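Sharing a structure, written as structure tokens. Questions coming.
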Amino acid sequence: MNHYNNDLRKDCERKDKQAIGMAEAHVDNRSFKCLICLQECNTPRQLPCFHTFCTGCLDTYINSEYVTEDNRTYFPCPVCESPCYPHDKDDPVSSWAGSFPRNQLFASSMFKETESGKTFCHGCLTDDEENVASFWCKACSEALCQPCRVAHRRSKLLSTHKVIAIDEVSKTDIRMPVFVDNTCPRHTGKTIEVYCHDHNALCCVLCMALLHRRCTNVKGIGDTAQMFSLDVIECELGKMTDESKTIVEEDENKLTTLESDYEKMTSNVAMIIEKAKDKLDDLHKRFQTGLDVTYRRHRDSLHERLRTNRIFQANFENTNQLMKVVKGKSPDVDTFIVTEQSKTQLLRHVRRLQQRTGDKHNTFELKMRYDVVLEKVVNVMTTVGRLEVSSSLSSSSHDSLTSIRQIIDTLQATSSATSFSESMSSSDMLSDVGHVTVPSSSITPRIDVWTGSLSLVKSVHKPSILGYITPYLTGVVFIEGEGLLAADYNNKKLILFDDSYEYIRHYDVDNGPIDITRGFEQNELLMTQMNGSVIRCTFQNRVLAGSTSIGKKDCVGMVWGIDTLGDNILIGTDYSVEISTSDFKQVSPIPKRGNSTYVAASPMGLFYYSEEDVIVCRSRDGKEVFRHMCKGIKELRGITLDQDGNVYVCGMESGDIHLISHDGSRERVLLSRMSGITRPYAVVLHPTRQEIIVTSWRENVAFEVYKFCDQ
């Protein structure tokens, strides 16, 4: 990877040298475009997904998107469709747009002047007020109006700053100060303090406690930023900008060609109709109507594709402008935060772009096959001819989109910090952010789960596990520093295995344990039991203690799977998925069909569960996102997620393991059959190694371990 980064930097340096002449003549134009109106962003508001829009455009969109009947408390981002929640869901919808933070980087880079060329006060502009500035503070590099000058002088900290008349300052020196928002988008009042390399995520301490407590490759944001390099990102963004321009230019040309074909065909057909005189008038109208409908349909399709790609292009231009804003600063926390935010929104945008335009054609060739007897047999004619449209995606657009996908994949696979000498566990971060470190091992390149194969690592047989009857491992969880803990429903035990999957010891429990997961506190576990109760306990230094019941479900059928979603508990029953608070209150059931319901939660605020032979995905508020029918699978059981949100699920009766993408758009049968298991039941992933552990339903082989490897 270091060789790749070095080559990429050299390539960028060569391109920079070639462009020096152009750069010297180029006038810095730091205007950013709204991704709705595609005009200069006016009072920019940034959503949690990092996409930015005019306040007015966002307000209009929210009011048109919000549906009162659904009683929704969020709206999808206009670009990537990520769920966006207002600061207070009880506020009127008309105030939602203004509740999102201003994008200070966008605002600070939009240099505003009056019609006469005078400068507006920078302080007033941050509050959307336009007052002419009369002074300039050299220390703050800010333009000040008279009232702000007075407030500036009265401040004890600012009173010593040298303030001069605005006329004494060169126009090239007047720029709005650059502000980088380092607040956490998920948790109000919290700042970004750490970076999770397992998920490429900027996090506050609450994010670590609630969403990344199982992650092992975590580092303080300051330490990470010190090793950050902007060269690779800038070069890749430049490539993506060029490719997006190619796509937009191609669409514009194709639209012009389509309009020209339409005009030529309309003219030619009109000439033939004129020759046929009055008797062909009716046929002319029919044809023209069909032609207009066909043209409008394909024109609208191409317009929509063009708009989507223009938004895509504007997004990359915005990102490039961001890089220009921060490039002058030394590599530090602000630069790193902006880069990671940009990578996140670009990834989401590209995924959405693939869904909306990946297979849409942008070439429509209108042809007319005239009836051969048009001039000979006028009296028996029923049509002028048959309109044919051949469509395709141009090779240049296809190549550009493919190139963009590859660049995005490279950015996601390559950390902005090129090397790391130490890593940090999430449990350490919770107690002392940025201070307690543990040595990190060399990072093995991850295998693509969509193309890699699985090989058997180990089979753990019944005789190696102490138990009176055949073990029935219905739930498994990895515990940092402890190993693999499995729930043995048949023998009413919890069984501990080390990191090599060797049996260590077991713990007796009162009722048959069904599923087990990490809790909200360090060393805390949550467990479901066959009597319908949910147990909270602690597990540390191989000691199981403090087992207390936090509730019992009074429902028909059994309680099955359990997981945590933020500060909520998810519980799967025979006929519902129930969402409750951490103290087991305010239960909100989601009815479902089928039984043996297992659940899995994603750090992105989504959760997944089985309903008969279908995987259902819902957002935190219970709204359904998608349903995916697994091909050939029978009797869904265990379910788990990897760090990219991909879903792994067992088919107990079909004897296979399926992989489903986080958005339900892709599926793959990972294992059509296993070595010694015919009825797989539970599944879990190793937190650091690309290994899958699959348990059996009362078979001689208790569980098997498979590892991803290259094909």
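The values are calculated or read from the model by the stated rules, or taken from the named source; none is laboratory data. Predicted model, so just to flag it, every value in this text is computed and none were measured. Every residue, glycine as well, gets a Cβ built from its backbone with ideal geometry; the counts of neighbours run over all protein chains shown.
Please state which one of Val269, Val180 is buried (at least 16 other Cβ atoms within 10 Å of the Cβ), at pLDDT below 85 and not assigned by TED's automatic domain parsing to the domain that holds Glu365.
Numbers: Val269 fails: not assigned by TED's automatic domain parsing to the domain that holds Glu365.
Step by step, each of Val269, Val180 is checked, and only Val180 is buried (at least 16 other Cβ atoms within 10 Å of the Cβ), at pLDDT below 85 and not assigned by TED's automatic domain parsing to the domain that holds Glu365.
Let me spell it out: the conditions are (1) more than 21 Å from Val333 (Cα to Cα); (2) touching a Cys at 6+ places or on another chain (Cβ under 7 Å), and Asn268 meets all of them except one. Which number is the exception?
Unmet condition: (2).
If you check Tyr507, Tyr503, Tyr489, which single one turns out to be in contact with a helix residue (DSSP H, G or I) (Cβ under 7 Å, 6 or more places away or on another chain), assigned by TED's automatic domain parsing to the domain that holds His686 and within 25 Å of Ser696 (Cα to Cα)?
So the residue among Tyr507, Tyr503, Tyr489 that is in contact with a helix residue (DSSP H, G or I) (Cβ under 7 Å, 6 or more places away or on another chain), assigned by TED's automatic domain parsing to the domain that holds His686 and within 25 Å of Ser696 (Cα to Cα) is Tyr503.
Another question about this same structure. Is one or more of the residues making up region 542-558 under 30 Å from Cys204 (Cα atoms), assigned to a strand (DSSP E or B) and touching a Gly at 6+ places or on another chain (Cβ under 9 Å)?
Within region 542-558 (the criterion being under 30 Å from Cys204 (Cα atoms), assigned to a strand (DSSP E or B) and touching a Gly at 6+ places or on another chain (Cβ under 9 Å)), the answer is no, since none of the residues qualifies.
Looking at region 232-258 only, could you name the residues that are surrounded by fewer than 17 Cβ atoms within 10 Å (Cβ to Cβ) and either modelled with pLDDT under 80 or not assigned by TED's automatic domain parsing to the domain that holds Gln406 (or both)?
Selection gives nothing.
Do the conditions hold for Ser675, that is, is it out of contact with any Ser or Thr (no Cβ under 9 Å at 6 or more places or on another chain), in a loop (DSSP other than H, G, I, E, B) and of a type in the set (Ser, Thr, Tyr)?
Working: out of contact with any Ser or Thr (no Cβ under 9 Å at 6 or more places or on another chain): no; in a loop (DSSP other than H, G, I, E, B): yes; of a type in the set (Ser, Thr, Tyr): yes.
Judged against the criteria, Ser675 is not a match.
Tell me the strands (runs of 3 or more DSSP E) entirely within region 459-537 that contain at least 1 residues that are of a type in the set (Lys, Arg), touching a strand residue (DSSP E or B) at 6+ places or on another chain (Cβ under 6 Å) and buried (at least 21 other Cβ atoms within 10 Å of the Cβ).
Numbers: elements: 473-479, 483-488, 493-497, 503-508, 513-518, 524-529.
The qualifying strands (runs of 3 or more DSSP E) are 493-497.
Which condition does Thr573 not pass, out of (1) crowded, with 21+ Cβ neighbours inside 10 Å; (2) closer than 20 Å to Leu494 by Cβ; (3) not basic (Lys, Arg), if it passes all the others?
Here Thr573 meets the rest and fails (2).
Then there is this: For region 214-241, what are the residues that are among the charged types (D, E, K, R) and closer than 19 Å to Cys204 by Cα?
Start the filter on region 214-241 by keeping residues that are among the charged types (D, E, K, R), which leaves 214, 219, 223, 231, 234, 236, 239.
Answer for region 214-241, where residues must be among the charged types (D, E, K, R) and closer than 19 Å to Cys204 by Cα: Arg214, Lys219, Asp223.
Hey, another quick one. Does region 15-25 contain any residue that is out of contact with any strand residue (DSSP E or B) (no Cβ under 9 Å at 6 or more places or on another chain) and modelled with pLDDT of 75 or more?
Kept after step one, since they are out of contact with any strand residue (DSSP E or B) (no Cβ under 9 Å at 6 or more places or on another chain), are these residues of region 15-25: 15-25.
So of that shortlist, the ones also modelled with pLDDT of 75 or more come out as none.
No, there is no match, as no residue in region 15-25 is out of contact with any strand residue (DSSP E or B) (no Cβ under 9 Å at 6 or more places or on another chain) and modelled with pLDDT of 75 or more.
Taking only pairs six or more apart or across chains, which ones have beta-carbon atoms under 9 Å, a first residue in region 156-168 that is surrounded by 10 or more Cβ atoms within 10 Å (Cβ to Cβ), and a second residue that is β-branched (Val, Ile, Thr)?
From residues that are surrounded by 10 or more Cβ atoms within 10 Å (Cβ to Cβ), the pairs are Ile166/Thr119; Ile166/Val132; Ile166/Ile174.
Let me ask you something else. Of the conditions (1) crowded, with 21+ Cβ neighbours inside 10 Å; (2) out of contact with any Lys or Arg (no Cβ under 6 Å at 6 or more places or on another chain), Val559 clears all except one; give me its number.
Failed condition: (2).
Return yes or no: is Cys207 under 30 Å from Val333 (Cβ atoms), free of Cβ contacts under 8 Å to residues at least 60 places away in the same chain, assigned to a helix (DSSP H, G or I) and of a type outside the set (Gly, Ala, Ser)?
Numbers: under 30 Å from Val333 (Cβ atoms): yes; free of Cβ contacts under 8 Å to residues at least 60 places away in the same chain: yes; assigned to a helix (DSSP H, G or I): yes; of a type outside the set (Gly, Ala, Ser): yes.
So Cys207 passes the test.
In the set Ile657, Ile633, which member is in a loop (DSSP other than H, G, I, E, B), farther than 21 Å from Thr564 by Cβ and aliphatic (A, V, I, L, M)?
The match here is Ile633.
Anything in region 306-339 that is at pLDDT below 85, charged (D, E, K, R) and in a helix (DSSP H, G or I)? List them, or say none.
Lys324, Lys327, Asp334, listed by residue number.
Now for a different question. Against the definition (more than 26 Å from Ser500 (Cβ to Cβ) and buried (at least 22 other Cβ atoms within 10 Å of the Cβ)), how does Val683 come out, yes or no? Let's see the steps before the verdict.
Numbers: more than 26 Å from Ser500 (Cβ to Cβ): no; buried (at least 22 other Cβ atoms within 10 Å of the Cβ): yes.
When the stated conditions are applied, Val683 does not pass them.
Additional query: Does Thr160 qualify as being of a type outside the set (Lys, Arg), under 18 Å from Leu105 (Cβ atoms) and modelled with pLDDT of 85 or more?
Details: of a type outside the set (Lys, Arg): yes; under 18 Å from Leu105 (Cβ atoms): no; modelled with pLDDT of 85 or more: yes.
Spelling it out, it is not the case that Thr160 is of a type outside the set (Lys, Arg), under 18 Å from Leu105 (Cβ atoms) and modelled with pLDDT of 85 or more.
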